[in-house]
Amino acid sequence: MISSRNIRFGPQLTGVFLVISLAFVLEPQPGFGAAAAAECRADGPSPPPLYAAPTFSASSEEARPGPPLVAAVKAGDVPQVKKMLFLGQDVDQPDDAGLTPLIWSVRRGDLPLVKLIASRTTKVDTRDNNGRTALMWAAMSGNAPIFKTLEAAGARIHTRDSRGDDPLSHAVMAGKIGIVRLITAQRKKVENRNAAGASPLLLAAAQGHLAITRHLAEVGADIGASDVSGRTPLIVAARNGHVKVVRYLLRKKARIEDRDHARMSALHHAAAGGHKRIAAILLKKKADPAARDRSGRTPLMLAALSGDVPTTKHMLKEV
């Protein structure tokens, strides 16, 4: 098998790499391309998106058994909920996923139930099994009246879940700009990072949420802040294929040659992901197609060995 470590080139392409490049440009070989790309790409043949938003199975969670009060809240049965509370039912008893009656009322988007239960509980920030509070669920849903109700009941906007994400991070990942604006209006610091070192702006860039990325930059977020792997908002936007966010960050003077801890630039990630438009934008901004990562791979190699003919041709002209 051909390894990327056997491929070397200087200012002029060596014979070995030229042969490989031309094999793709002139006559792509699917079998070879798949095997070689698996070795030469940073994360295998199909690099997964970075910082994918959490997904939930509402149907399976709805079917999960729970305490009587949780069942009544799931059903939206306000009279039954009132009756149970009057009879002394534990207002904070969760189901086996740690979802309390308050969290379930938030997930249902039922403002009257939220107000009722929030008025009875003293544990408004009780967490589910993933460390998420009712306020985080409200942030994910984008329901501003419920979010404000929980805040009025004492819910804290700085609480973090088991991944280190706070309500702002959850609103960002869910694309809920209304909640993002509510939170950023209340606090000066917008650089709170999760356990992976990702700032809210980096998460917005990873999800392709242009309006949120722009808003966070406008309220003072650092467009160059990197996570624990050294990945900047520009790098994750390029990796995940978000053209509009890449263009915006470049207009804001994001550093095009920043590298992550694997020494991969935004162009490396765009090439590895097969994002032709982003690669073209970065090349136009003079990104270096011959820059080597920690394993000696270049964006040109990654584009060629993934079978991306247009990008490979474009990069060959720039080397």
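The values are calculated or read from the model by the stated rules, or taken from the named source; none is laboratory data. Computed from a predicted structure; not experimentally measured. So basically every Cβ, Gly included, is an ideal-geometry build from the backbone, and we count neighbours across all protein chains shown.
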Quick one: how many residues across the range 206-234 are of a type in the set (Val, Ile, Thr) and either at pLDDT below 95 or touching an Asp or Glu at 6+ places or on another chain (Cβ under 6 Å) (or both)?
-> 1
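Scan the range 219-231 and tell me whether some residue there is assigned to a helix (DSSP H, G or I), in contact (Cβ under 8 Å) with a residue 24 or more places away in the chain and of a type outside the set (Phe, Trp, Tyr).
So in the range 219-231, the residues assigned to a helix (DSSP H, G or I) come out as none.
Checking the range 219-231: not a single residue is assigned to a helix (DSSP H, G or I), in contact (Cβ under 8 Å) with a residue 24 or more places away in the chain and of a type outside the set (Phe, Trp, Tyr).
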Quick check: anything in the range 157-164 on the phi < 0 side of the Ramachandran plot, out of contact with any Asp or Glu (no Cβ under 9 Å at 6 or more places or on another chain) and part of a helix (DSSP H, G or I)?
-> no
Is it fair to say Ser46 is closer than 28 Å to Ala204 by Cα, at pLDDT below 90 and either in a helix (DSSP H, G or I) or of a type in the set (A, V, I, L, M) (or both)?
-> no
Lone unmet requirement of (1) modelled with pLDDT of 95 or more; (2) more than 13 Å from the chain's Cα centre (by Cα) for Lys188 | (1)
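Looking at the range 96-148, which of the residues that are more than 26 Å from the chain's Cα centre (by Cα) and not in a helix (DSSP H, G or I) is surrounded by the most Cβ atoms within 10 Å (Cβ to Cβ)?
As a first pass, look at the range 96-148 and keep what is more than 26 Å from the chain's Cα centre (by Cα): 96, 100-102, 105, 110-124.
Add one more test, that the residue is not in a helix (DSSP H, G or I), and what stays is 96, 100, 110, 121-124.
Details: Asp96: 10, Thr100: 28, Asp110: 19, Thr121: 20, Thr122: 9, Lys123: 13, Val124: 21.
If we take residues in the range 96-148 being more than 26 Å from the chain's Cα centre (by Cα) and not in a helix (DSSP H, G or I), then Thr100 is surrounded by the most Cβ atoms within 10 Å (Cβ to Cβ).
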Mind checking which helices (runs of 4 or more DSSP H) fall wholly inside the range 167-213 and carry at least 1 residues that are free of Cβ contacts under 8 Å to residues at least 60 places away in the same chain and surrounded by fewer than 19 Cβ atoms within 10 Å (Cβ to Cβ)?
-> 177-184
